[in-house]
1. Return the residues of the range 127-171 that are touching a helix residue (DSSP H, G or I) at 6+ places or on another chain (Cβ under 8 Å), modelled with pLDDT of 90 or more and either closer than 19 Å to residue 244 by Cα or part of a helix (DSSP H, G or I) (or both); say none if nothing qualifies.
2. List the residue pairs whose Cβ atoms are under 9 Å apart, where the first residue sits in the range 51-74 and is closer than 11 Å to residue 3 by Cα, the second is exposed (fewer than 15 other Cβ atoms within 10 Å of the Cβ), and the two are 6 or more positions apart or on different chains.
3. Which residue, of 72, 63, 90, is surrounded by fewer than 14 Cβ atoms within 10 Å (Cβ to Cβ) and under 36 Å from the mean Cα position of the chain (by Cα)?
4. Within the range 1-111, considering only strands (runs of 3 or more DSSP E) that don't extend past its boundaries, which have at least 3 residues that are modelled with pLDDT under 90, closer than 30 Å to residue 230 by Cα and touching a strand residue (DSSP E or B) at 6+ places or on another chain (Cβ under 6 Å)?
5. Here are the criteria: (1) out of contact with any strand residue (DSSP E or B) (no Cβ under 6 Å at 6 or more places or on another chain); (2) under 17 Å from residue 173 (Cβ atoms); (3) free of Cβ contacts under 8 Å to residues at least 40 places away in the same chain. Tell me which single one residue 225 does not satisfy.
């Protein structure tokens, strides 16, 4: 079904004549007949009852008339909308983030971007780091906010650090270990652990979690696909986890503790220097301004 078929149908329905419809649309009568037959075949109904002298709408044709008008009107509105020169003023800014929990830090940055680039139109993608990294490589993203990953190597991508993220023990306040001042890896040996699914997260974070898996049985390990699900299980008392502190919302039922020997992670933005997007350039300036302040 296409708009020309619908225009042919509506013209015949209005004129009750194939000949006058052909004149109105500046095509031949056989062309009108062919379009109507094709439309009837697709719909599986007869739209017109024809004799040698008259053309009438069938009940099905009468019902379809309103649908055809709505489709034509919608199509016209779509064409008119994108014909508007104001549409060309929109600057799409495709930004990828590897966690929904990071979104809470984005609001003030995007608010400032809106002030500086009024035409900026942010589109935010939340996905696994590896998927977002590939999208950035193929120019489907303008920038990617994530931890610095030591594994990916791409001469075209630039990384700028925004902040240092401390790796913290995340544990329910109801767990007795939450009361201890100093915790070591040995203190956690008999505790169940809630970790990332390795396929959903960066290699560097996975390596951090692997330190807690060697001495545990399978039924002492809970694997999750996101920070949100990790925190849910930790709150439910299924075990502890190890997460960067920027992912932790203030929650009186959760305790964060520093563990000696774990290195901080670098959190920042990946982008291509060759990207000429005005939104990207201003967004980078905003990040630098926020860091300095």
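1. Scanning the range 127-171 gives 144, 145, 160.
2. 71/1; 71/3; 72/3
3. 90
4. none
5. All conditions pass for residue 225, except number (2).
The values are calculated or read from the model by the stated rules, or taken from the named source; none is laboratory data. Note that the structure is predicted; figures quoted are calculated from it, not measured. Using ideal geometry, Cβ is built from the backbone for each residue, glycine included, and neighbour counts are taken over all protein chains shown.
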